[in-house]
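Input: a single structure, listed below in structure tokens.
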Amino acid sequence: MFRHHPARGRRTAGLLVTALATLSAGLAAVAPAPPAHADTATLGELAEAKGRYFGSATDNPELSDTRYTQILGSEFGQITVGNTMKWQYTEPSRGRFDYTAAEEIVDLAESNGQSVRGHTLVWHNQLPSWVGDVPAGELLDVMRNHITHEVDHFKGRLIHWDVVNEAFEEDGSRRQSVFQQKIGDSYIAEAFKAARAADPDAKLYYNDYNIEGIGPKSDAVYEMVKSFKARGVPIDGVGMQAHLIAGQVPASIQRNIQRFADLGVDVALTELDIRMTLPRTAAKDAQQADDYGAVVRACLAVSRCVGITLWDYTDKYSWVPSVFPGEGAALPWDENFAKKPAYHAIAAALSGGGPAPGGDCTATYRVTSRWQGGFTAEVTVRNEHSAPITGWTVTWTLPGGQSIGNVWNGNLTVNGRNVTVRNAGYNGTLGGGGSTTFGLQGQGAADIPADVTCTPGQSAGTPAQ
Ligand code: 9MR
């Protein structure tokens, strides 16, 4: 019996489309395109079905890339303004406010029906130099004025504000920013009060990195939130940035999200990316896919984890390579906008599926030659996860008029139009990201079957010899 797995079906369809595209580029006689699959849902739609959002950050220079904006506008339910709501852009000199660049992104998101997170009001970075020169006795007023002006400007248009960003060091002590030094510990609470007064409806977040797992830094944020709740300081949420490393997702992430939720605040994963040491390999992609799936499932497991935002969605515009030389490939779309295994793992997790026990596999069917009355094809079987699989079964329905003569590097069973190919004795075990191929010769037109599906293991039908 084959487990029905909606995400796997979608992924197989995607691979088939890729196979078709490759084919149509190389062959004069082209098989007809498969029908569009009614169950193709975007990440935004899948998240919405779970009562969450799935979004992407973006930045102004990218908006002239039409291929980029097409996916940005269709795949996501939420947008974060990646740079141009920061102080450097919005109050470049004291008392002179400029929202032109930020407005461009908010307008675009609104025209696409997407919600917007504001990022960020008070941060030590991307701060214009004049702020550093404000006398200590004036900085609290300057900070309040900045917050009041910006929050008021976007009032009613944003769902969340990152009110204060990155105020803690790794050891849990306060970062010695200009605000900390000149205003003191109270500046964070004061910032939240000013934001609430300016827009009582926007949800107010504290946002930081390396607080996804339990440790000294997340403990410090936890204690702050606890004390804000006890003292009536208006905080609604904690943003865990989630700039993660493949193979190193903190084991305590779900427990950590839950403990913040238990304080009575929402949690959002606000800047998710999962980087790797370059170059990409199939095994690293598989590890990364597992990691993305695990992070999404950790969020879905906590009802107050309200949404997930990628820190941009394509490697073309990722911040990672410029800051971590030799690392990158952190996002679910590559620099040419091709979806990686990570994309499919996110879709599967949002659909409620986990990786199948013992892994998961895909099959890509490619016609390698054709002649009057016959053809050969090659099927690539790939383990999409990091856990090894010890066997695989590929099935499809024969397109009308086709029959199969023989298969090599696999064991064939045909039952009416139902084809089953199981691994041979020597090619069943595939490590994380590993792949193998089998070949076949068929009679009839070289139409590509529409439902090629891979299942790990050899559970269906007669056992392989
Ligand atoms: O993606 C942002 C990049 O374009 C800026 O140069 C950088 C400046 O520090 O900020 C990046 O975004 C950061 C975000 O605002 C806060 N968390 C870390 C993000 C990545 O550095």
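FYI, it's all coordinate maths here, none of it is from the lab. No experiment lies behind these values; they were computed from the predicted model shown. Heads up, the Cβs are rebuilt from the backbone with ideal geometry, glycines too, and the neighbour counts pull from every protein chain shown.
Quick rundown of the values:
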item: Failed condition for V306, given (1) within 24 Å of T362 (Cα to Cα); (2) touching a His at 6+ places or on another chain (Cβ under 9 Å); result: (1)
item: Qualifying residue in segment 133-148 (condition: assigned to a strand (DSSP E or B), over 22 Å from G55 (Cα atoms), free of Cβ contacts under 8 Å to residues at least 12 places away in the same chain and away from the ligand (no atom under 16 Å from the Cβ)); result: no
item: Search result, residues across segment 87-121 that are among the β-branched types (V, I, T), farther than 17 Å from N145 by Cβ and buried (at least 19 other Cβ atoms within 10 Å of the Cβ); result: I105, V106, V116
item: Residue check, V151 within 16 Å of the ligand (Cβ to nearest atom), of a type in the set (V, I, T), in a helix (DSSP H, G or I) and more than 20 Å from L269 (Cα to Cα); result: no
item: Neighbours by Cβ (under 7 Å, 6+ apart or cross-chain): first from segment 370-381, over 21 Å from N423 (Cα atoms); second in a strand (DSSP E or B); result: G373/Q443; G374/Q441; G374/G442; G374/Q443; F375/V367; F375/S369; F375/G442
item: Neighbours by Cβ (under 6 Å, 6+ apart or cross-chain): first from segment 108-125, farther than 21 Å from D199 by Cα; second within 16 Å of the ligand (Cβ to nearest atom) and not aliphatic (A, V, I, L, M); result: H124/S177
item: Test: residue in segment 409-417 that is surrounded by fewer than 15 Cβ atoms within 10 Å (Cβ to Cβ), without any contact (Cβ under 8 Å) to a residue 12 or more places away in the chain and not in a strand (DSSP E or B); result: yes
item: Where F76 falls short, out of the listed (1) within 16 Å of the ligand (Cβ to nearest atom); (2) in contact with a Ser or Thr (Cβ under 6 Å, 6 or more places away or on another chain); (3) of a type outside the set (D, E); result: (1)
item: All positions within segment 104-115 that are touching a helix residue (DSSP H, G or I) at 6+ places or on another chain (Cβ under 9 Å) and assigned to a helix (DSSP H, G or I); result: E104, I105, L108, A109, S111
item: Of all residues in segment 303-347 being within 19 Å of N256 (Cβ to Cβ) and in contact with a strand residue (DSSP E or B) (Cβ under 7 Å, 6 or more places away or on another chain), the one that is farthest from the ligand (Cβ to nearest atom); result: R304
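Residue by residue, here is whether (1) surrounded by 19 or more Cβ atoms within 10 Å (Cβ to Cβ); (2) among the small types (G, A, S); (3) within 20 Å of A102 (Cα to Cα) holds:
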| residue | (1), (2), (3) |
| --- | --- |
| M143 | yes, no, yes |
| I159 | no, no, yes |
| G184 | no, yes, no |
| N207 | yes, no, yes |
| S218 | yes, yes, no |
